[in-house]
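Written below as structure tokens is the structure these notes are about.
The values are calculated or read from the model by the stated rules, or taken from the named source; none is laboratory data. No experiment lies behind these values; they were computed from the predicted model shown. Using ideal geometry, Cβ is built from the backbone for each residue, glycine included, and neighbour counts are taken over all protein chains shown.
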Amino acid sequence: MAKRRKNDGHREPDDRCFVQVVRQPSIGVELSTGRAWVGVDQQVGHGSADALFALTDEQYAAALAGEGLGSFPGDCWWGRHDDLRLFHPGGASWRPERWVPVRARMLPARFEGELWWHLDALGAPADDRRAVTARAMAAGAVTTGPNGTTGPVFRLTGEGAYPRPAALIGGLGPGSDRARARAVLGEPVERSAEGGDVHAVEGYPVRLGYDDDGLAVIALESPASRPLPPKGPVRTLLAALGEPEGGAAFGELARLAGGAHRRWAASSGISRRLLAFDTGPEVQVEDGRVLSVRVPSPASLPGLPDLLPTGTREDVHRLLGAPSASYGGSDLHRYGDRDLLVRYGSEFDSARPGAVPGAVTAVLRGVSVSHDLYRWRSGEFTLFLDVLGRPGSDPLVERVRALPGVRLALRRGLVAEVVVGERGGHRSERLAAFVDGMPAAPAREDVPFGRVDRRGERDDLREFAQGWVHVHCADGRTVSTVTVSQEPPPVR
């Protein structure tokens, strides 16, 4: 649970919200004005980050259609369009204060555009970030189908039109014809009763309505929800998604994967964790919930002999049903708000129907995951940071409470700090487990977190995304206790 941060003093509060639509180059829209922007790399100290420059609607549509921006980004870099700069990185802010990144998709996207935000919001709770972002992007220009039975309907022209109609689907805009739609979205899967065409986009029906002038309406619909597979390993992977780490569903997953694992942090500023099991599976968690499960090689794991058939792609289809979408050697199976991606064979034979299943990834719909999350440091410190602010009944808190030699301090029923190293037993065990590779009787310099944010004669204090790590050395040299807390203690 992230701690509250105070204004760093370098900037005035900024109410603007920058939503990313394309990752590379970074392109998006600022919600309060509806103005499109592009990111242009700038040097910041010893690193680099994007400054954001305003685009015209025509430039935005061209960029989403893959036509590029010509010399415009280079001119921005040379300082020729400083009047169009919306944000410049510097000080403690390398990103705008309110920044909403686009997620990485499970399959390569057929097109770029704002429609992906609206597709990901289908079925999401009204207060979910995806739904909030999608509503703000539409700026009220959305209706529903007859009797509210379908998803959002976007008109591209006239009163109540979507604010950036050419940005919904890159390469399609008001007046586009059916031939252009087929070139962008592929062949339609059906013709609607109203005379429009229905295209499948990652398994979602996208209805295009035409008038005499061409494309006029884009409507979305949620596909029928498919139940989870019958009891078995695949169901165990999917059932753990969205559930508490340490809960019953996670316990079933951990037993399936062999139990033993290391808990990795990507950096001090990132709260997402990678749980790397000794047998190969990787689980990503954040805010105490399971986001994804990846099994790199199902056939080689002794703990997962029945995860998928060891036969062919057709065998997997018989077990899981037809995929919602496919791309080359990858099939996407969708079960409500849970997705399962199955990759087949090597890069040379993966597109063949007879290919053998390779990697399997289960992920919550709408969540962005990386298969190469950086492994910075591992150990129990990740657990202690993650329980801060959580109630005493939380499964992860119960797990920490059960560790010998750990003291939990709660305030108003929520975890405020975790202390290890106090006298009374298990001191060396807990200090050695705090960060993997740290000795059981560590010296001050053995704590491998790098730069100290605040240093005293006997104390080192480091800031993390969720809280603070306070290393106390009674003699100024040898670690006596380590306290993980929401608020920074005084340094002596």
Among (1) more than 22 Å from PRO205 (Cβ to Cβ); (2) surrounded by fewer than 18 Cβ atoms within 10 Å (Cβ to Cβ); (3) in contact (Cβ under 8 Å) with a residue 24 or more places away in the chain, where does ASP337 come up short? (1)
Can you tell which of ARG178, ARG129 is of a type in the set (Lys, Arg), surrounded by fewer than 20 Cβ atoms within 10 Å (Cβ to Cβ), free of Cβ contacts under 8 Å to residues at least 60 places away in the same chain and more than 20 Å from ARG16 (Cα to Cα)? ARG178
Scan VAL415, VAL469, VAL491, VAL419 and give me the residue that is part of a loop (DSSP other than H, G, I, E, B), of a type outside the set (S, T, N, Q) and outside the structural domain of ARG273 (by TED's automatic domain parsing). VAL491
What residue, among those in region 230-248 that are surrounded by fewer than 22 Cβ atoms within 10 Å (Cβ to Cβ) and touching a strand residue (DSSP E or B) at 6+ places or on another chain (Cβ under 8 Å), is farthest from GLU202 (Cα to Cα)? PRO244
Without any contact (Cβ under 8 Å) to a residue 24 or more places away in the chain, more than 25 Å from VAL201 (Cβ to Cβ) and β-branched (Val, Ile, Thr): does that describe VAL415? no
Selection from region 190-226 of residues that are within 19 Å of TRP116 (Cβ to Cβ) and part of a loop (DSSP other than H, G, I, E, B): GLU202, GLY203, GLU221, SER222, PRO223
Could you check region 360-389 and list, in sequence order, the residues that are in contact with a Gly (Cβ under 7 Å, 6 or more places away or on another chain) and either among the polar types (S, T, N, Q) or closer than 30 Å to PRO439 by Cβ (or both)? LEU385, ASP386, LEU388
Verdict on ARG255 being assigned to a helix (DSSP H, G or I) and closer than 21 Å to SER324 by Cα: no
Which listed residue is closer than 29 Å to GLY140 by Cβ, at pLDDT below 95 and not small (Gly, Ala, Ser), from GLU190, GLU221, GLU252, GLU245: GLU221
Filter region 461-492 for residues that are acidic (Asp, Glu) and over 20 Å from TRP376 (Cα atoms); which is surrounded by the fewest Cβ atoms within 10 Å (Cβ to Cβ)? ASP475
Near pairs, Cβ below 6 angstrom, 6+ apart or cross-chain, from region 105-125 (farther than 17 Å from HIS199 by Cα) to any residue that is in a loop (DSSP other than H, G, I, E, B) and at pLDDT below 90: GLY123/SER222
Members of region 267-287 found to be more than 17 Å from VAL363 (Cβ to Cβ), buried (at least 17 other Cβ atoms within 10 Å of the Cβ) and either under 17 Å from the mean Cα position of the chain (by Cα) or in the same structural domain as ARG390 (by TED's automatic domain parsing) (or both), listed by number: SER271
Restricting to region 154-172, count the residues that are surrounded by fewer than 20 Cβ atoms within 10 Å (Cβ to Cβ) and touching a residue at least 12 places away in the same chain (Cβ under 8 Å). 5
Residue check, VAL452 against (1) surrounded by 18 or more Cβ atoms within 10 Å (Cβ to Cβ); (2) in a loop (DSSP other than H, G, I, E, B); (3) touching an Asp or Glu at 6+ places or on another chain (Cβ under 6 Å), all met but one. Which one? (1)
Residue list for region 228-248, filter: farther than 14 Å from ASP337 by Cα, among the hydrophobic types (A, V, I, L, M, F, W, C) and touching a residue at least 24 places away in the same chain (Cβ under 8 Å): VAL234
Restricting attention to region 79-96, and to residues there that are at pLDDT 95 or above and assigned to a loop (DSSP other than H, G, I, E, B), which single residue is nearest to the chain's Cα centre (by Cα)? HIS81
Working carefully through the options ASP436, ASP460, find the one that is assigned to a strand (DSSP E or B) and either modelled with pLDDT of 95 or more or touching a strand residue (DSSP E or B) at 6+ places or on another chain (Cβ under 6 Å) (or both). ASP460
When residues of region 451-492 are filtered for being small (Gly, Ala, Ser) and free of Cβ contacts under 8 Å to residues at least 12 places away in the same chain, how many remain? 0
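The rows are residues; the columns are (1) among the charged types (D, E, K, R); (2) assigned by TED's automatic domain parsing to the domain that holds ALA260; (3) assigned to a loop (DSSP other than H, G, I, E, B); (4) more than 20 Å from the chain's Cα centre (by Cα).
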{"position": "LEU332", "(1), (2), (3), (4)": "no, yes, no, no"}
{"position": "LEU341", "(1), (2), (3), (4)": "no, yes, no, no"}
{"position": "ALA359", "(1), (2), (3), (4)": "no, yes, no, no"}
{"position": "SER370", "(1), (2), (3), (4)": "no, no, yes, no"}
{"position": "LEU388", "(1), (2), (3), (4)": "no, no, yes, yes"}
{"position": "LEU396", "(1), (2), (3), (4)": "no, no, no, yes"}
{"position": "LEU408", "(1), (2), (3), (4)": "no, no, no, yes"}
